[in-house]
């Protein structure tokens, strides 16, 4: 999974601090609001602030520092959990869930088979210009759904997982390049603006998953205030069903575009001969993938000239 790659890639320290601390701060402020609502007095925290205001400056600074560290620590814990949550949302589940996984995979396969069949039925009329507007709209919708699926036999049981898996498998289907193996090498060759766009899309996906985790945790305040349950579940469902898939599609499209546009730089940097035509590219890409994964002592292919 390319997901592992992103565990070691991040922005500046300030960006990481904001990404970790701001959601945690919102979460704890929401918990404070739930507690105040239960007491029926939204001014209840004022007693604590009045007490703090009467303390020496050193005590005030220490209390504020402890509070900020506690917020940041909870944010770091949830951020670690977000990685696990994303893996689970993709459909990589432990063995006890194997029966459920098989049933969901069968359903995905049936739906994909039906979509492909209907897509092929509509292809002729659409390409010949004889399709009705409704058929053209259906054809476009089917095309979009099929593009968000990996090749048959590589499905995952969830929509989010299939979107990301499609981005990981399509470079292999088109160019013979295994995205999981090649991506770290290609990343160093991307122009700065391309890396920034892909990284921003990945951060948006991680943030959406983080919102799901925070929303789920917010339901723990239900004993304090009953409205915490619907609020937390509503946020979690919105993040899981809408925000995360939307950001996953953007991320997947950018990863695929990176391979489409910059795979030639990988060949050049490795002094590997460029494929002579599209028909030969898949075989060359498979050779290059094996070379990056395990090396080679073969005499062919011959390296190209020295890099500039």
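Residue by residue, here is whether (1) free of Cβ contacts under 8 Å to residues at least 24 places away in the same chain; (2) loosely packed, with under 14 Cβ neighbours inside 10 Å; (3) on the phi > 0 side of the Ramachandran plot; (4) assigned to a helix (DSSP H, G or I) holds:
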{"residue": "71", "(1), (2), (3), (4)": "no, no, no, yes"}
{"residue": "105", "(1), (2), (3), (4)": "no, no, no, yes"}
{"residue": "112", "(1), (2), (3), (4)": "no, no, no, yes"}
{"residue": "126", "(1), (2), (3), (4)": "yes, no, no, yes"}
{"residue": "130", "(1), (2), (3), (4)": "yes, yes, no, no"}
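So in segment 261-289, with the set limited to residues that are surrounded by 14 or more Cβ atoms within 10 Å (Cβ to Cβ) and within 26 Å of the chain's Cα centre (by Cα), which one is farthest from residue 150 (Cα to Cα)? Of everything passing the filter in segment 261-289, 265 is farthest from residue 150 (Cα to Cα).
So which of 63, 136 is outside the structural domain of residue 178 (by TED's automatic domain parsing), touching a helix residue (DSSP H, G or I) at 6+ places or on another chain (Cβ under 7 Å), at pLDDT 85 or above and assigned to a helix (DSSP H, G or I)? 136 is the lone residue from the list that is outside the structural domain of residue 178 (by TED's automatic domain parsing), touching a helix residue (DSSP H, G or I) at 6+ places or on another chain (Cβ under 7 Å), at pLDDT 85 or above and assigned to a helix (DSSP H, G or I). Of all the criteria given as (1) under 21 Å from residue 21 (Cβ atoms); (2) within 21 Å of the chain's Cα centre (by Cα), the one not satisfied by residue 218 is (2). Give segment 225-234 a look and list any residue that's in contact (Cβ under 8 Å) with a residue 12 or more places away in the chain and farther than 16 Å from residue 29 by Cα, or say none. Result: 233, 234. Selection of segment 276-292 for residues being farther than 17 Å from residue 259 by Cα and either assigned to a loop (DSSP other than H, G, I, E, B) or outside the structural domain of residue 184 (by TED's automatic domain parsing) (or both) yields only 276. Scanning segment 150-187 for residues that are farther than 18 Å from residue 285 by Cα and over 15 Å from the mean Cα position of the chain (by Cα) returns 150, 152, 153, 154, 155, 157. Being touching a residue at least 60 places away in the same chain (Cβ under 8 Å), part of a helix (DSSP H, G or I) and under 24 Å from residue 77 (Cα atoms) holds for only one residue in 237, 217, 241, and it is 217.
To keep it simple, each residue is scored yes or no on (1) more than 28 Å from residue 161 (Cβ to Cβ); (2) modelled with pLDDT of 70 or more.
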position	(1), (2)
2	no, no
10	no, no
15	no, no
42	yes, no
49	yes, no
70	yes, yes
74	no, yes
92	no, yes
95	no, yes
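Taking (1) part of a helix (DSSP H, G or I); (2) buried (at least 21 other Cβ atoms within 10 Å of the Cβ) in turn, residue 146 satisfies each apart from (2).
The values are calculated or read from the model by the stated rules, or taken from the named source; none is laboratory data. None of the values given here were measured: they were computed from a predicted structure. Quick reminder, even Gly has a Cβ in these numbers, built from the backbone with ideal geometry, and neighbours come from all protein chains shown.
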